[in-house]
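Reviewing the structure listed below.
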Amino acid sequence: MAQDDPRRLIPRTDQLMGLPAVRRARERLSEEVVRSLVRETQERARRGELAPDQVEPAVLGALAARSASTLTPVLNATGVVVHTNLGRAPLSAAATEALVAAAGYVDVELDLRTGTRSRRGAGARAALLTACPPAEDALAVNNGAAALVLATTALAAGREVVISRGELVEIGAGFRLPELIESTGARLREVGTTNRTHLRDYAEAIGPETGCLLKVHPSNFRVEGFTSGVGAEQLRPLARAHGVPLVADLGSGLLTPDPYLPEEPDAASALAGGADLVIASGDKLLGGPQAGLLLGRAEVVARLAGHPLARAVRADKLALAALEATLAGGPTPVVQALHADPDRLRARAERLAAAVGAPVVPHDGRVGGGGAPGVPLPGWAVRLPEAAAAPLRAGRPAVLPRVHDHACLLDLRCVPEPDDDRLLAAVRTALTALDGTDDGTGGTR
Ligand SMILES: *Cc1c(COP(=O)(O)O)cnc(C)c1O
């Protein structure tokens with residue numbers, strides 16, 4: 001390197017690592033993370049992207065922006081309530097508090113009165129039974145898929161799961177329920193056709209090889225026209241006569257009916273209607289943490305809980321804490337977003353729109369998460385030029401809009417109202433970034 005090469009002036013690693021602000025950052029970030037940020041910044045200076053005297057401020061800026069997790073909180077302006085790519089249900093304040101409290105040592109498997117071991121997750125179990133009175137017992141596992149694996153393994157491995165051809169569904173991202181069930185060693189005994197299945201189809205299939213009857217809620221599609229299915233109520237006498245359990249995978253996770261979602265099945269009705277066991281997710285409509293819920297007859301839940309696989313799919317203490325608090329706490333963000341008052345949504349959208357000179361257009365939100373397909377949630381959106389979407393996503397806070405029909409739409413349904421001002425600031429920043437570039441879309445501002 002020549003004597004006058006400015007790269008000679010790039011601060012050395014030990015110099016940068018010794019800066020007081022960098023030393024402080026090393027208390028919240030690992031040595032490796034800090035070192036790699038320092039190295040990356042030096043590299044930028046070596047490539048000439050940064051002047052040597054800018055290295056130190058750039059390192060400090062990068063450290064300030066870096067947290068230990070790279071997961072970035074996002075304002076969900078899509079109008080999709082249970083957004084799979086955004087981690088499904090946002091937790092309630094009560095659930096968040098419980099989760100943080102459970103992060104340390106916690107009595108998840110201990111009776112503090114006697115000092116002896118207790119049943120794991122007793123609080124979550126009690127909350128589930130309170131929220132779903134027809135259930136005699138309940139078990140929470142890792143997720144809905146794990147619940148289905150545990151149920152089919154414990155009840156039907158090496159035997160048959162009788163299921164309608166109209167219920168052999170793919171839930172999302174290539175997740176096919178029939179493949180999951182077969183992976184347990186249970187054999188599928190398909191009955192009926194895609195559009196129609198009758199009670200006699202089940203009656204002809206059931207026999208000594210039957211491990212369980214399985215009903216699966218199709219979740220993310222609807223079959224219309226010449227269709228017929230067999231409900232749990234009709235199947236119950238058949239299942240009872242043969243002494244085989246009737247399992248219903250409901251997917252969505254409603255424990256009791258929601259008048260806003262009349263088509264969505266719920267655990268209490270399914271159990272009252274004849275199912276011996278229901279399966280549901282914790283982080284869809286229930287609005288809680290990722291979990292798989294198994295509710296039903298005591299004897300069936302006990303078979304599952306006693307199976308060796310139960311240990312491999314058990315819920316962790318954080319999920320158990322958040323699940324109990326979701327059930328015992330106030331309305332969840334999912335419920336609030338589903339039931340949001342359209343007039344209030346409109347007033348909020350108009351305020352944001354007026355502040356940035358954009359129009360408000362009618363916009364339907366969605367339940368999402370493979371629930372209530374085709375059910376619109378009428379509301380409003382602020383319409384921005386399509387090119388605003390990228391700077392919104394890249395901003396802080398990150399904002400996910402809906403890009404549709406060459407527009408960037410901001411639906412406030414899933415944005416907590418106290419975040420409206422942060423959203424406005426993010427929109428202003430994104431639009432300013434756009435003004436610097438000619439997006440060529442003509443825009444609507
Ligand atoms: C979502 C869903 C599952 C899977 O649940 P996860 O919690 O995503 O594992 C299983 N069955 C049905 C019917 C579903 O809708």
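Nothing in this text is a laboratory measurement; each read-out follows from the coordinates by a stated rule. This structure is a prediction, so every number in the text was calculated from the model and none was measured. Positions of Cβ are backbone-derived with ideal geometry, glycine not excepted, and every protein chain shown enters the neighbour counts.
When averaged across all projection directions, what area in nm² does the alpha-carbon convex hull of the stretch 92-329 cover? The partial results should precede the final answer.
Details: hull surface 53.6 nm².
So the mean shadow area of the Cα hull is 13.4 nm².
Which ³J(HN,Hα) values in Hz, rounded to whole numbers, follow from the phi angles of the stretch 371-384 under the Karplus curve 6.51 cos²θ - 1.76 cosθ + 1.60, where θ = phi - 60° and Gly and Pro get x?
Karplus values, whole Hz, x for Gly and Pro: x, 6, x, x, 8, x, 10, x, x, 9, 9, 8, 9, 10.
Any idea how far the Cα center of the stretch 327-374 sits from the one of the stretch 40-74, in Å?
Here the answer is 37 Å between Cα centres.
Mind listing the long-range amide H neighbours of residue 75? Cut-off is under 5 Å, sequence gap 5 or more, other chains count too, H placed in the peptide plane at 1.01 Å from N.
Excluding prolines and chain starts, which carry no amide H, the hits are 398, 399, 400.
How high is the FRET efficiency between residue 19 and residue 105 when r is their beta carbon distance and R₀ equals 35 Å, given to the nearest 0.05?
On the way: r = 36 Å, r/R0 = 1.02.
Efficiency computed from Cβ-Cβ geometry: 0.45.
Note the full-extension length gain between residue 3 and residue 53 as 0.36 nm times their separation in residues minus their Cα-Cα distance, in nm to one decimal. Provide the component values of the computation, followed by the final result.
Details: separation 50, 0.36 × 50 = 18.00 nm, distance 1.72 nm.
Extra length available between residue 3 and residue 53 comes to 16.3 nm.
Give the residues of the stretch 52-72 whose amide nitrogen is closer than 13 Å to a point set 7 Å from the Cα of residue 30 in the direction of its Cβ.
Within reach of a label on residue 30, which here means backbone N under 13 Å from a point 7 Å along Cα→Cβ, the stretch 52-72 contributes 68-70.
Can you figure out the FRET efficiency of residue 203 with residue 258, using R₀ = 22 Å and their beta-carbon distance, to the nearest 0.05? Numbers along the way, then the final one.
Working: r = 33 Å, r/R0 = 1.51.
Efficiency at R0 = 22 Å is approximately 0.10.
Per residue of the stretch 200-207, what does 6.51 cos²θ - 1.76 cosθ + 1.60 with θ = phi - 60° give for ³J(HN,Hα)? Whole Hz please, x for Gly and Pro, Karplus curve as stated.
My calculation for the stretch 200-207 gives 5, 4, 5, 4, 6, 8, 6, x Hz in order.
How far apart, in nanometres, would the label points at residue 311 and residue 67 be if each is projected 7 angstrom from Cα along the Cα-to-Cβ direction?
Placing both labels 7 Å beyond Cα along the Cβ direction yields 3.6 nm.
Expressed as a whole number of Å, what is the distance separating the alpha-carbon centroids of the stretch 120-134 and the stretch 178-225?
Using only Cα atoms to place each centre, the spacing works out to 29 Å.
Springs between alpha-carbon atoms under 10 Å, Gaussian network over the chain: tell me which of 173, 312, 389 tops the mean-square fluctuations.
Result for the chain, Cα springs under 10 Å: 173 fluctuates most.
Considering the Cα positions of the stretch 6-65, please state its Rg to one decimal place and its Dmax as a whole number of Å.
According to the Cα coordinates of the stretch 6-65, Rg and Dmax are 10.7, 33 Å.
Which residue fluctuates most in the GNM of the chain (Cα springs below 10 Å): 326, 78, 184?
184
Could you compute the FRET efficiency for residue 175 and residue 398, with r as their C-beta to C-beta distance and R0 at 22 Å, rounded to 0.05? Spell out each step's value before the answer.
Working: r = 26 Å, r/R0 = 1.19.
Computed FRET efficiency for residue 175 and residue 398: 0.25.
Nearest 10 degrees, 0 to 90: what angle lies between the long axis of helix 342-356 and the longest principal axis of the chain (Cα atoms)?
Roughly 20 degrees, rounded to the nearest 10.
Using modelled amide H (1.01 Å from N, peptide plane; none on Pro or chain starts), what sits under 5 Å from the amide H of residue 186, excluding residues fewer than 5 places away?
Counting only residues 5 or more places away or on other chains, the set is 158.
Tell me the angle of helix 122-131 to the major Cα principal axis of the chain, expressed in degrees between 0 and 90 and rounded to the nearest ten.
Between helix and principal axis, roughly 70 degrees.
Relative contact order for the chain: what is it in percent, counting Cα pairs under 8 Å that are at least 6 residues apart?
Values: 834 pairs, mean separation 86.5, N = 445.
Once normalised by length, the contact order is 19 percent.
Just to be sure I understand the curve: with the Debye formula and one point per C-alpha of the chain, what is log10 I(q)/I(0) at q = 0.09 Å⁻¹?
Log10 I(q)/I(0), no solvent term: -0.73.
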